[in-house]
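The values are calculated or read from the model by the stated rules, or taken from the named source; none is laboratory data. Keep in mind that this is a model prediction, so the values were computed, not measured. With ideal geometry, Cβ positions are generated from the backbone for all residues, glycine too; neighbour counts draw on all protein chains shown. Surface areas here come from the heavy atoms of the whole protein model, side chains and all, with no ligands, DNA or RNA. Shrake-Rupley method; radii C 1.70, N 1.55, O 1.52, S 1.80 Å.
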Amino acid sequence: MTKIKICGLKRQEDICMVNDLVPDYIGFVFAKSSRQVTAVQAGELKKLLLPSIKAVGVFVNEEQQKIVQLCEMGIIDLVQLHGDETQVYIQELKNRISCPVIKAVRVQSGEQIRNAEELPCDYLLLDTYTKGQYGGSGQVFDRSLIPQLKKPFFLAGGLTADNAAASISECKKCAPYAVDVSSAVETAGIKDRQKIAEFILRVRGLK
């Protein structure tokens, strides 16, 4: 079954929602964003999170020491690199932490994705390319660009409750390991329990 990541949690109310609805992963955004949280905020939220739900820290061109500290403190369980991190950067970070690493790819071509698969990360995250942005555009990219991959990947980019199942099916060459959603499960910039529930039900084929 395709796993689910709800990204951009920043309030205690958000944690209560996901504890009730039980996605597989949640995301704390440490990069500059309307959803950005500090290490202290994320630490308090992680204490409230069910242990079965894994917390992903989202970073853009971050200093490695900050990431290492968050991993060592148990605030995050996985690292998502959403910037211009190089093969050298990723390998150095992998040498310093035990948490799995997700590398985001802002998709422009199948060749680009195949090249990214050679990076020393544990997962890829395939997102929409938008000039001048590192993610969060809410736009869909052409799923037919996704080649046959050996490395598991998170599918992102414009996913909603209405199109999630179809988007998974459109990945004909390679099924996504997980789907990643943020803005589509919000109302006026705040996580919406009903939208999260609907998204999870649709992905899991329960509705």
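For Arg106, the conditions (1) under 16 Å from the mean Cα position of the chain (by Cα); (2) among the charged types (D, E, K, R); (3) exposed (fewer than 15 other Cβ atoms within 10 Å of the Cβ) are fulfilled apart from (3).
Find the residue count for the range 113-147, including only residues that are of a type outside the set (D, E, K, R), open to solvent by 50 Å² or more (accessible area, probe 1.4 Å), closer than 16 Å to Cys171 by Cα and modelled with pLDDT of 95 or more. Total meeting the criteria: 0. Candidates are the residues of the range 1-17 that are of a type in the set (A, V, I, L, M, F, W, C) and assigned to a strand (DSSP E or B); the one that is farthest from the chain's Cα centre (by Cα) is Ile4. Close contacts from the range 53-75, counting a first residue that is farther than 11 Å from Ala42 by Cβ and a second that is of a type in the set (Val, Ile, Thr) and loosely packed, with under 15 Cβ neighbours inside 10 Å, with Cβ to Cβ under 6 Å and a gap of 6+ residues or different chains, come to none at all. Reported count of residues in the range 12-40, each being among the polar types (S, T, N, Q) and buried (at least 16 other Cβ atoms within 10 Å of the Cβ), is 1. Scanning the range 41-73 for residues that are assigned to a loop (DSSP other than H, G, I, E, B) and either farther than 14 Å from Cys99 by Cβ or open to solvent by less than 40 Å² (accessible area, probe 1.4 Å) (or both) yields Leu49, Leu50, Pro51, Ser52, Ile53, Val60, Asn61, Glu63.
Scan the range 168-201 for residues that are of a type outside the set (Phe, Trp, Tyr), buried (at least 20 other Cβ atoms within 10 Å of the Cβ) and assigned to a helix (DSSP H, G or I) and the total you get is 3.
Evaluate the following for Asp77: is it of a type in the set (D, E, K, R) and crowded, with 18+ Cβ neighbours inside 10 Å? Here the answer is yes, as Asp77 does meet what is asked.
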